[in-house]
1. Within the chain, which is the longest segment containing none of the GluC sites (Glu not before Pro) that sit in a DSSP loop and have at most 10 other Cβ atoms within 10 Å?
2. Taking neighbour Cβ counts within 10 Å as the exposure measure, how do Thr145, Thr154, Thr115 sort from fewest upward?
3. How big is the Rg/Rh ratio for the range 109-180, C-alpha atoms only, Rh by Kirkwood, two decimals?
4. For n ≥ 4 DSSP H runs only, could you compute -39500 (n - 2.57) per run for the chain, divide by its residues and tell me the 222 nm figure to the nearest 500?
5. In terms of the Cα gyration tensor, with a ≥ b ≥ c the square roots of its eigenvalues, is the chain rounded because a/c is under 1.5, prolate because a/b exceeds b/c, or oblate?
6. Write down Rg/Rh for the range 1-75, rounded to two decimals, with Rg from the C-alpha atoms and Rh from the Kirkwood relation over Cα pairs.
7. Between His43, His62, His18, find the one with the highest GNM mean-square fluctuation for the chain; connect C-alpha pairs within less than 10 Å.
8. Which whole-number percent gives the relative contact order of the chain, counting Cα pairs below 8 Å spaced six or more residues apart?
Amino acid sequence: MNVFTIVGSLREKSYNMHLAKAMQQRYSEKFSLDIAELKDIPHYNQDDEHNPPEAVKTFKQHIKEADAVFIITPEYNWSIPGVLKNALDWASRVDKVFIDKKVMILGASISNAGTLRAQLQLRQVLSALRANVLPPGANEVTITTAQTKIDEDTGEVTDQNTLEFLDQRIESFIEFIEGK
């Protein structure tokens, strides 16, 4: 199974990127996980949507070929980051690669609220893209106080309860992908 992962943070020691890489390692026997490089995607411009830059073509091709997509987002000002919204705008145009794509929403934040508000807004965007996302509570992962659960230097998820919760959510999502 091939899962393409979009991380909505460009920060070098991003907890969200750490989460993606930890999942890449932890679940390597369950699926192949490739991570998008959003820093190379230019600002969306409708003038270029029929002949997009190579980075956009590659990004959209990865989504199209994936069995599922993980979107791992921080929360900036109660919303999704601009870099993530920009990438989703590119993916929504012309060949519309998110239609019926199975998507799991995740996020890590240093706050006590986690990424709940960003995830709610991301659900609205994914609905417009006609992605196939399980109802709230069925597949999302919101890691609160990430600085106490993910080592910022090593990227290791150190909290056992978080790992067990993540394992449960991943199993549910795999069942969703497989139609069980």
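Every number here is computed from the coordinates shown, using simple stated rules; none is lab data. The structure displayed is predicted, hence computed values, not measured ones. Because the Cβ atoms are built from the backbone with ideal geometry, glycine has one as well, and the counts that use them run over all protein chains shown.
1. Value returned for the longest uninterrupted segment is 30-180.
2. Lowest to highest Cβ neighbour count: Thr154, Thr145, Thr115.
3. Computed over Cα atoms, the ratio is 1.01.
4. When only DSSP H runs of four or more count, the value is -11500 deg cm²/dmol.
5. Working: a/c = 1.62, a/b = 1.36, b/c = 1.19.
It comes out prolate by the Cα gyration axes.
6. 1.00
7. Result for the chain, Cα springs under 10 Å: His43 fluctuates most.
8. Rounded, it is 24 percent for the chain.
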